[in-house]
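Written out below as structure tokens is the structure these notes cover.
Values quoted throughout were computed directly from the atomic coordinates according to the rules given, and no laboratory measurement underlies them. The structure displayed is predicted, hence computed values, not measured ones. With ideal geometry, Cβ positions are generated from the backbone for all residues, glycine too; neighbour counts draw on all protein chains shown.
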Amino acid sequence: MKPHLNYSSDDDPAYWDAALETQSRTDWDRFKVTLLKSHLRHAYRASPYYRSSFDAAGVHPDQFKSLDDLRRFPFITKHTLRERQLAVPPFGDLVAVPERDIVYISASSGSTGVPTASPFTQADFDDWIDYEARQFWSSGMRPTDRYCHSLNFSLFIGGPCVLGAQKLGALSIHAGTVPSERLLQILRQFQANILWTTPSYAWYLGETAIKEGIDLKRDLAVRRIFVAGEPGGSVPETRNRIEALWGASVYDYYGLSDIFGSCAGMCEQRNGLHWAEDHIHVEVLDPATGEPVAEGERGELVLTTLKKSARPIIRFRTGDIVSVTSEPCACGRTSLRMHGVHGRLDDMLIIKGVNIFPSDVEAIVRQDHDLTGEYRLVVERIDHLARLTVEIERIHGHNGTDQDLAHRFARRLKSVTGVTAQVAVLPPDSLPRATHKAKRVEDRRRGVWS
Ligand SMILES: [Zn+2]
């Protein structure tokens, strides 16, 4: 019986599914091999795309015997999904079920081109929501909680995650993306104690509340904030600042519209994001060679679904740069943990030969309490070389000089990342505040925002 069905706060079970969540790494691998054998066969048998791409690569699902064998199978990318969807509308030929079995679609935001639709069968959808409840349980949600979900429902994969809270037995308040004043009113009226939003919006909402004279710790009941959608949720300095502002604990989550929401999320230890390894197999590869990096090293995240039957995803290159560990977690769960998303491969800046991600800069900005925490990176080409300017804001009432702040920041940036940058110190409230996903890089070499 699932623990929420006979829940009592006197007898609080630590796990949603103890046998699954605490099994040995050997058992995890054995379990995933069994699932993958049948998932690869399903993809090959029912999806025209996978049949031709496996044939072209000279591989067959019968050759798959261990997880290492997966490396013989070809990659797919976002471009593959978009291209196949355009070639075979409306869902593309990676789909491996008849259309009558598809009951739900999510779609990516389309900010970088044609939105790609991700189809689900009812079983895929139910699996996801069951997993979502399990993940929420590991982040400390219980049937006695009041959960406010402030994510968009319009085709967005984050929307239905609210159903996981409902399944767990918590009171689920789907506020959606309403104006901040309205959201604060909802949080206050219903005394919600868990909130889910993006990290930059959690920060913005907290600042807005204070400006409106709301005491976040006295007038509101929010004690846990789940965040997703931006690297900031895994930057400890950013989490610490949001936590200090709200008097709440922050839990980072990671999802993908092409797979499902909350593919990984933080347990109560908040030391990395646990992967849903009964649904997804994780590889971390060197983006240049496609070979695995050593455990703990940064590399590109490559994902393979294990059950999702409507559209199997085999070796999807996410473009996200991450690091993972299989070290045991103090919570007792044995699934792989990801130490956040360091950045997007697309966001990686190369300044005079040195790689740097916006999240590296963010960590330094958020450590300095003479700064507001907002920042922007401007990259220009000067004499054929990339020049980085970091724009930061001093806090109200700062006593020292801007020059001292700039020098201190530039020295810290150089020592942590090896990058030399110009630093511009701006008055408080100069930089645009994010309401959803923050745009923090202005690359003037291409004349576009990234
Ligand atoms: Zn854990």
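Data table
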read-out	value
Three principal axis lengths of the range 360-401 [C-alpha, angstrom, descending]	39, 22, 12
Long-range tail of P(r) for the range 348-449 (Cα pairs > 21 Å, %)	31
Computed lengthening from T289 to I105, 0.36 nm per intervening residue step minus Cα-Cα distance	62.9 nm
Sum of -39500 (n - 2.57) over DSSP H runs of 4+, divided by residues of the chain (222 nm, nearest 500)	-9000 deg cm²/dmol
Beta bridges by DSSP in the range 348-449, antiparallel share as percent, to the nearest 5	65
Rounded to 5, the percent of DSSP beta bridges in the chain classed as antiparallel	65
Principal axis box of the range 318-397, alpha-carbon based, largest edge first, Å	51, 39, 17
Equivalent ellipsoid, the chain (semi-axes from 5 times Cα gyration tensor eigenvalues, Å)	36, 29, 20
Phi-based couplings in Hz for the range 379-392 (Karplus 6.51, -1.76, 1.60; Gly and Pro marked x)	10, 10, 10, 10, 6, 6, 10, 6, 10, 9, 10, 9, 9, 10
Per-residue ³J(HN,Hα) for the range 212-223, Karplus 6.51 cos²θ - 1.76 cosθ + 1.60, θ = phi - 60°, Hz, x for Gly and Pro	8, x, 8, 8, 4, 7, 9, 7, 10, 10, 5, 10
Rg/Rh (Cα only; Kirkwood hydrodynamic radius) as it applies to the range 66-125	1.03
Interchain or long-range residues, amide H under 5 Å from A424's placed H	V390, E391, I392
R224, R100 arranged by Cβ crowding within 10 Å, fewest neighbours leading	R100, R224
Under 5 Å, built H, 5+ apart or other chain: amide partners of I102	none
DSSP beta bridge pairing in the range 65-194, given as percent antiparallel to the nearest 5	50
Surface/4 estimate of mean projected area, convex hull on alpha-carbon atoms of the range 40-88, nm²	3.6
Other-chain or far-sequence residues with amide H under 5 Å of G343's (modelled H)	I321
P(r), alpha carbons of the range 21-124 - 10 Å bins starting at zero, rounded %	13, 37, 34, 15, 1
